[in-house]
1. Given a Förster distance of 25 angstrom, what is the FRET efficiency for M100 paired with Y7, based on the Cβ-Cβ distance and rounded to 0.05?
2. Based on the Kirkwood radius over alpha-carbon pairs, what is the Stokes-Einstein translational diffusion coefficient of region 23-63 at 10 °C with 1.306 mPa s viscosity, in µm²/s?
3. Keeping all protein chains in the complex and leaving out DNA, RNA and ligands, what accessible area do you get for T109 with a 1.4 Å probe, in Å² to the nearest 10?
4. Need the list of lysines near K43 for cross-linking: C-alpha distance under 20 angstrom, and skip anything on the same chain fewer than eight residues off.
5. Protein chains only, probe 1.4 Å: how do W53, W36 rank by accessible area, largest first?
6. Rounded to the nearest 10 Å², what accessible area does Y7 have for a 1.4 Å probe in the complete protein model?
7. Between S71 and R57, what length in nm is gained on full extension when 0.36 nm per residue of separation is reduced by their alpha carbon distance?
8. Can you give the extra length, in nm with one decimal, that the chain gains between A110 and Q39 once fully stretched, where that is 0.36 nm per residue apart less the Cα-Cα distance?
Amino acid sequence: QVQLVEYGGGLVQAGGSLRLSCEASRVPFGNILMGWFRQAPGKEREFVAAIAWNGGRTEYADSLKGRFTISRDNTKNTLYLQMNSLKPEDTAVYFCAARMTAHLYTTPTAFPYWGQGTQVTVSS
């Protein structure tokens with residue numbers, strides 16, 4: 001069973017940056033897709049970005065392109081999300097998710113493995 005642990009959330013002022021990390025363990029050999037999602041209070045969980053572990057293909061939510069960057073370090077089994085020019089509306093709990101697949105899914109229901117989430121709060 002894949003295990004995911006997120007790090008790096010916190011409080012930041014608008015315009016600032018944060019980098020989230022997600023350490024993956026018990027990852028079986030094969031194609032794996034990893035993604036970031038977020039959920040603000042009273043809202044549905046939404047897609048942020050995803051990356052194919054093998055090959056590095058990426059997908060982003062249109063509204064976040066140019067500000068957020070997803071990447072991974074294969075040697076550390078760690079996924080990252082660099083968030084720049086943060087806005088108060090980026091405030092949410094950010095989740096790391098994974099699925100054994102070669103496709104780039106973007107819907108939360110497509111991912112069976114989830115981390116516990118990390119809170120990101122952007123003050124105005």
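The values are calculated or read from the model by the stated rules, or taken from the named source; none is laboratory data. Quantities reported herein were computed from a predicted structural model and do not represent experimental measurements. Neighbour counts run over all protein chains shown; Cβ positions are idealised from the backbone, glycine included. Accessible surface is based on the protein model in full, side chains and every heavy atom, while ligands, DNA and RNA are left aside. Shrake-Rupley method; radii C 1.70, N 1.55, O 1.52, S 1.80 Å.
1. Calculated value: 0.60.
2. Once the numbers are plugged in, D ends up at 135 µm²/s.
3. Taking all protein chains as shown, T109 has close to 130 Å².
4. Cross-link targets: K87.
5. W53, W36
6. 110 Å²
7. 4.1 nm
8. Gain in length upon complete extension: 23.9 nm.
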